[in-house]
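A short reminder: the numbers here are calculations on the coordinates, not readings from a lab. Every value quoted in this text rests on a predicted model; they were computed, and no experiment measured them. Positions of Cβ are generated from backbone atoms using ideal geometry, with glycine treated the same way; all protein chains shown enter the neighbour counts.
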Amino acid sequence: MKKSVFTGLYILIAILIVLPFVIPNAFYMDLAIRMAINAVIVLGLNLLIGFAGQISLGHAGFLGIGAYASAVLPTHFGWHPLLAMGAGAAATGLLAALVARPIFKLKGHYLAMATLGLGIIINIAIRNEAQWTGGPDGMPVPSLGLFGFDLTSDKHWYWVVALLLSISVWASLNLIDSPFGRALRALHGSEVASQVVGVDIVRYKVAIFVLSAVFASLMGSVTAHYVGFVTPNLADFFHSIELVTMVVIGGMASVYGSIVGAVLLTALPQALATFEGWETVAFGAILMLCMIFMPKGLVPTLAAKFGKGE
Amino acid sequence: MLAQFLQFLFSGVTVGATYALAALGFTLIYNASNVINFAQGEFIMLGGMLAVFFTMSGLPLPVALALAIIVPAIVGVLVEKLAIEPVKGAETVTLIIITIGASLVIRGLVQVWLGKNTHSLPAFSGDEPIHILGATLLPQSLWVLGVTALVVIALWYFFNRTLQGKAMLATSFNRTAAELVGINTSWVLFMSFAMSAALGALGGILVTPITLTSYDVGIMLGLKGFVAAVVGGLGNGLGAVVGGLLVGVLEAMGAGYISSSYKDAIPFVLILFILFFMPRGLFGGKSTDRV
Amino acid sequence: MKMALLDVKDLSIHFGGVKAVQNVSFSIDAGIVYAVIGPNGAGKTTLFNLITGVYKPTAGEIRLDGEAIHGKSPNELAVRGVARTFQNLQICLNMSAIENVMVGAHLRLDRNLVKAALRFPGLKKRDAELRAEAAELMRFVGLEQFIEARADSMPYGALKRLEIARALAMKPRLIFLDEPAAGLNPKETIEVDHLVRKIADSGVTVVLVEHDMKMVMNLSDRILVLDYGKKLAEGTGAEVRQNPDVIAAYLGAHA
């Protein structure tokens, strides 16, 4: 077996351990936490897009369900935050499973349309149900109590998300190199060939769609508790696109690419803030240039250049 | 009752005509290149914003309107030449991100150069409403519908009666075969982007006196145009027009009778239902994969 | 009376107005090599697609060991031990060569998502065994030098054999080979000829579509001749060769 796959994980863990000691101030700490949260979401989305070859333009909607479950249920109904997070994930999983069966009989652009529509509907619902969600202005989220102490300081948050990220990377690597993961990649490579060897392709697509949606929902809850405030922007079309872009720019079907994509695209808006007024233009131009010159994404392109496969 | 219904119908058909033009734009580009151009909505915005800008800068109305169609067409061609042609055969996701990148660049430039304000155009033939069975119809709506009808007829003539049109149609069916019989498919690509952008811009100009415009109206208009194109069955021109009108009317009816705050959700609920039960849209044929 | 392994009765499929296969009937006994021949467009691949569940027939029935299987999906047929290769390669180029073969064993493995993500030791052990098994299969089809290769770096002829290895990884009872020698040079063709013989000798029933007549006559116990979607003749090589219809429609024009 190739050991090199896990080397990346060890390097990642080493970086995650050293990072808080070299981060100069709270601003960068916050950035690091948001990068890690996005990386976990993107890992899940990459399983769907990069490995299974299915598109989703509505994942921010699932993120929104998780985030708002963590905001609404404790605030209005007094639920324990962990219970709320679980309920959000369960609701997301159920919704994803319900719509996924018909959706995954579709291909390519029809699939893009269906997932896009689903995401937009969720977002509009969040915006409109102002008596529960605060509408376009958003609402505060109570802090997350874990085993008796409140998660409030950035330091604590950092270790929580670093742990989540490491586990997610480990689990993704395991999954890809398993019978389940091979079936996923096979249906990406050739649907008919995978069916002929016995893969029930709709079942696999549904399974990975639900899994990535639940990932997004859970991380939506985490984001909500970490930031302490949620707004509908978390669930809008543009955010769905941002997530897909992280997958593609980092590298489709690349676990480490997911992390690189999440890190770069989380940092980019901060970097572009200096271009006052030109942020949108610069962001759009960078997306285009990356895709034109590195259509396979950063990590696979660099890996190919330095000749060491993944 | 009837008056109210007619009122919703009029506004639905008017907006629907804009969606139809956008959907035709999606269809043209999809047929020529298999690309879903997520920048289509920005051409609608560009048409409206440029018409406002050129008239404000003192150009005579016909000149201003012509420029507001020509400039977006040039932008469309630039997008095709600089961003689509270099990545021929890339994966669907890659192409989607490229066109979204293009839409951000266009929107961002308009925001920088023309500002974030909301603008309107004067109606082409006054604001005196026409009364029909208790409902009112704006003269501008007639402009929207009339011009859309003319465009549809012109496109039909172009694709069925002219050599250039038939060449574009042939390319959409089978690119390799079209190249073998000597059709210049890169010209076809060029034409599709120019025409799509011009159609979008035209829709944007026509509807601006009614719905107003600003730098950020393109996203929703574009997405609804995409819905309309899929409702009709991607790649089907007639389907795009019917889809556009249907989306517009249902949206207006839904806003009127059910809930105006969920107006924007209606097209997306519609498309989910259609895809659940008719996975290739209303007019899309069945396809069988060859293996 | 002994029941045939595969029994096809009055099978038809229409695409719009095109009758690609019309009222075709035949049966295949277990353990033989059965060839389907006919000019281009005769409906051979369509027939394969019908039997392996890729297409649903317009009319007629297909029975495997007496069980009606028409209208079942390809993955349901895989469960019943039906394997196939494709005329136009269907290799997963996003995976390594050996992984393509391993996918063939899909149904024999524990496909649980949670166990996979948590790296259950039993699963990993089974996977390691499977890898060895897949390498063995690759040697069996003559791909020993590609065991560590990526699928997208392999030449055409090797990919054709990789498809056969993948199909064999299913441990099928019945294998459909769609033009295994198409596009191969004479030396490679002879190798594939030997390979098909080895597969048949291992007890798998082989159904073959092939244009190389020498190979067909060499290998086949029985031959079905299709022309314009219809059955023209069926029998042993000698019978088919002497059939005047076949000579007129097919062999006469080519051989």
Nothing charged except the Cβ atoms of Lys and Arg (+1) and of Asp and Glu (-1): what's the magnitude of the dipole of chain B about its Cα centre? Round to the nearest 20 debye.
480 debye
Between the alpha-carbon centers of the range C:200-223 and the range B:18-58, tell me the distance in whole angstrom.
59 Å
DSSP loop trypsin sites (Lys or Arg not before Pro) with at most 11 other Cβ within 10 Å excluded, longest remaining stretch of chain A
A:4-307
Could you give log10 I(q)/I(0) at q = 0.10, 0.12, 0.13, 0.15 Å⁻¹ for the range B:2-277, computed by the Debye formula over C-alpha point scatterers of equal weight, without solvent?
-0.50, -0.72, -0.84, -1.11
Projecting the Cα atoms of B:227, B:198, B:178 onto the charge dipole of the range B:146-291, where Lys and Arg contribute +1 and Asp and Glu -1 at Cβ, the residue farthest towards the positive end is B:178
Can you give the angle from 0 to 90° between the axis of helix C:186-201 and the longest principal axis of chain C, with both taken from C-alpha atoms, to the nearest 10?
80 degrees
Would you please give the residues with an amide H less than 5 Å from that of residue C:233, counting only those at least 5 places away or on a separate chain, with H modeled from the backbone geometry?
C:225
Report, by chain and number, residues whose modeled amide H sits under 5 Å from the one on residue A:106, excluding near sequence neighbours (fewer than 5 apart, same chain).
none
When the C-alpha atoms of the protein assembly as shown are aligned to their principal axes, what extent does each axis show, in angstrom, from largest down?
89, 73, 51
Toy charge model, Lys and Arg Cβ at +1, Asp and Glu Cβ at -1: the range A:218-310 dipole around Cα centroid in debye, rounded to 20, equals 400 debye
With the 8 Å Cα cutoff and a minimum separation of six or more residues, the range A:34-305 has a relative contact order in percent of 37 percent
Phi-derived 3J(HN,Hα) across the range C:68-78 with the Karplus relation (6.51, -1.76, 1.60, θ = phi - 60°), rounded Hz, x for Gly and Pro, is 5, 10, 5, x, 7, 7, x, 5, 5, 6, 4
I'd like to know which of C:55, C:39, C:238 lies farthest towards the positive end of the charge dipole of chain C, counting +1 on Cβ of Lys and Arg and -1 on Cβ of Asp and Glu.
C:55
Kirkwood Rh (inverse of mean 1/r, distinct Cα pairs), chain A, angstrom:
19.9 Å
With axes computed from alpha carbons, what is the tilt in degrees of helix B:40-56 against the longest principal axis of chain B, rounded to the nearest 10 within 0 to 90?
50 degrees
Compare C:153, C:12, C:25 in a GNM of chain C, Cα atoms joined below 10 Å, and give the one with the largest fluctuation.
C:153
Quick one: compute a quarter of the convex hull surface over the Cα atoms of chain C and quote it in nm².
15.1 nm²
In whole angstrom, how far apart do the alpha carbon centroids of the range C:115-164 and the range C:30-102 sit?
22 Å
Quick one: among B:159, B:276, B:226, which has the greatest mean-square fluctuation in a GNM of chain B with alpha-carbon springs under 10 angstrom?
B:276
What whole number of Å gives the distance from the Cα centroid of the range A:1-78 to the Cα centroid of the range B:155-189?
47 Å
Relative to the longest principal Cα axis of chain C, at what angle does helix C:121-140 sit, 0 to 90 degrees, rounded to 10?
40 degrees
Amide H contacts under 5 Å for residue C:21, placed H, 5+ residues apart
C:13
Over the range A:219-258, volume per residue of the alpha carbon convex hull, in Å³
73 Å³
Positive-end extreme of charge dipole, the protein assembly as shown - chosen from B:210, B:268, C:14 (charges on Cβ):
C:14
Exposed-site-free run, longest, chain B (rule: trypsin sites (Lys or Arg not before Pro); DSSP loop; at most 15 other C-beta within 10 Å):
B:117-285
Mind checking the dipole of chain A: about its Cα centre, +1 per Lys or Arg Cβ, -1 per Asp or Glu Cβ, Debye to the nearest 20?
1040 debye
Within 10 Å of each Cβ in C:76-89, the average number of Cβ atoms from other chains:
3
Within 10 Å of each Cβ in B:85-92, the average number of Cβ atoms from other chains:
4
Sequence order, the range A:119-126: Karplus ³J(HN,Hα) from phi using 6.51 cos²θ - 1.76 cosθ + 1.60, θ = phi - 60°, Hz rounded, Gly and Pro as x, gives x, 5, 4, 4, 4, 5, 4, 4
Let me know the volume per residue of the alpha-carbon convex hull for the range B:110-232, in Å³.
157 Å³
Have a look at A:191, A:129, A:276 and tell me which one the Gaussian network model of chain A (Cα, springs below 10 Å) gives the largest fluctuation.
A:276
Based solely on its DSSP helices, what 222 nm [θ] is calculated for the protein assembly as shown when runs of n ≥ 4 H residues each add -39,500 (n - 2.57) and the sum is averaged over all residues, nearest 500 deg cm²/dmol?
-20000 deg cm²/dmol
